[in-house]
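The values are calculated or read from the model by the stated rules, or taken from the named source; none is laboratory data. Predicted model, so just to flag it, every value in this text is computed and none were measured. Using ideal geometry, Cβ is built from the backbone for each residue, glycine included, and neighbour counts are taken over all protein chains shown.
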């Protein structure tokens, strides 16, 4: 019968019947080096037979080799049974905790506080009855939930292996299982090294991800700046478009004034033509009257009244013709000035419209270039190819610096 000390040892949180007697906890095993587990590998019947022949061969009789093989099968079966019992314990503990939590939730409501209260009562109950600490019971449940459905883990891993891997990612577990298949004698130090290598790679990936996130944040900030600059350019373009519209309105008014002036000139042309026709008719009448008058040498004190009236009428017509001619010349000069003003305004409008089109194309090209550059820079950085394109980025920096100086000079000149 086992003594009292041995019975107490079976209730320790770190007790593992698959582990050799006299060794420390699983954590100590990891630090102490490749301390072998008892029966960490569970061989099948074919492997047992092959190994018995390898070690004993003709050194012992066949009957003894059969006994060795049979007893070895018993050991393998017991080892597998121990692991299965550990899993069964975890399954029962998980079921008890779930039933107790479900009852408390049904009676008192589904809140985090109620669930924690039910779980705490469950853990205290198990600790009191089986002398199993809170953390040990949690490990049983976690190992059951994590590995009970993993056939590879159940085949290749011992319970202490599962204890080491229960909080690891699936990639780590898959890596350990792969290593175990290649080397069934894989020890705790090698498993620990696999875990550390994975953590190191994960940290490197996280560091790279942090760098990419930082660069992405910087790119987003630059895109925001570019967006603000584009908004500023858009506002300036709207202002330019407003000025162009105002110029168009003034040009419309000028065209209206020019049309009025053209109509006035046309009216004056009609009046002048009419007056010229009347003047020609009067001159003809004067000529005809002169041919009918007989010239006599008489002494008169002055022209007759008819002649005076005729002369006055002719002079009036001549004055009207002169006034109409002067008004026509004035209107023609005004029309010429209006046409010149119109041509200047049309030329200015066409120039501003050409500038507006050029600015729109420049903004579109510049925005497209900025987005393509940011995307390319992000791809190059994420792909780890910065060194390959460093000379190209330096050349871009030189060109952009020169362009920036030109822009500043243009801004100062404005």
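For the range 54-64, does any single residue satisfy the condition of being in a helix (DSSP H, G or I) and buried (at least 18 other Cβ atoms within 10 Å of the Cβ)? No - not one qualifying residue is present in the range 54-64. Assessment of the range 326-343 against the conditions (in contact with a helix residue (DSSP H, G or I) (Cβ under 7 Å, 6 or more places away or on another chain), in the same structural domain as residue 252 (by TED's automatic domain parsing) and closer than 22 Å to residue 242 by Cβ) yields at least one matching residue. Take the conditions surrounded by fewer than 13 Cβ atoms within 10 Å (Cβ to Cβ), within 25 Å of residue 163 (Cα to Cα), modelled with pLDDT under 90 and out of contact with any helix residue (DSSP H, G or I) (no Cβ under 7 Å at 6 or more places or on another chain) and apply them to residue 32. Does it pass? The answer is yes for residue 32.
Which one is nearest to residue 92 (Cα to Cα), of the residues in the range 108-127 that are assigned to a helix (DSSP H, G or I) and either under 45 Å from the mean Cα position of the chain (by Cα) or not assigned by TED's automatic domain parsing to the domain that holds residue 92 (or both)? Taking the candidates together, the pick is 119. Can you name every residue in the range 158-173 that is without any contact (Cβ under 8 Å) to a residue 24 or more places away in the chain and under 11 Å from residue 147 (Cβ atoms)? Of everything in the range 158-173, those that are without any contact (Cβ under 8 Å) to a residue 24 or more places away in the chain and under 11 Å from residue 147 (Cβ atoms) turn out to be 162, 173.
Only one of (1) surrounded by fewer than 12 Cβ atoms within 10 Å (Cβ to Cβ); (2) over 15 Å from the mean Cα position of the chain (by Cα); (3) in the same structural domain as residue 371 (by TED's automatic domain parsing) is not met by residue 211, so which one is it? With respect to (1) surrounded by fewer than 12 Cβ atoms within 10 Å (Cβ to Cβ); (2) over 15 Å from the mean Cα position of the chain (by Cα); (3) in the same structural domain as residue 371 (by TED's automatic domain parsing), residue 211 is out only on (1).
Each row is one residue, and each column tells you yes or no for (1) in the same structural domain as residue 154 (by TED's automatic domain parsing); (2) surrounded by 13 or more Cβ atoms within 10 Å (Cβ to Cβ); (3) modelled with pLDDT under 80.
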residue	(1), (2), (3)
175	yes, yes, no
179	yes, yes, no
201	no, no, no
215	no, yes, yes
223	no, yes, yes
247	no, yes, yes
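All of (1) touching a helix residue (DSSP H, G or I) at 6+ places or on another chain (Cβ under 8 Å); (2) surrounded by fewer than 20 Cβ atoms within 10 Å (Cβ to Cβ); (3) at pLDDT below 85 hold for residue 159 with one exception: (2). I'd like to check something: does the range 183-191 contain any residue that is exposed (fewer than 11 other Cβ atoms within 10 Å of the Cβ) and part of a helix (DSSP H, G or I)? Scanning the range 183-191, I find no residue that is exposed (fewer than 11 other Cβ atoms within 10 Å of the Cβ) and part of a helix (DSSP H, G or I), so the answer is no. Out of curiosity, is residue 267 over 32 Å from the mean Cα position of the chain (by Cα), in the same structural domain as residue 338 (by TED's automatic domain parsing) and either surrounded by fewer than 13 Cβ atoms within 10 Å (Cβ to Cβ) or over 30 Å from residue 351 (Cβ atoms) (or both)? Here the answer is yes, as residue 267 does meet what is asked. Can you tell me which residues in the range 90-112 are surrounded by fewer than 12 Cβ atoms within 10 Å (Cβ to Cβ) and more than 26 Å from residue 166 (Cα to Cα)? Within the range 90-112, 103, 106, 107, 109, 110, 111 meet the criteria.
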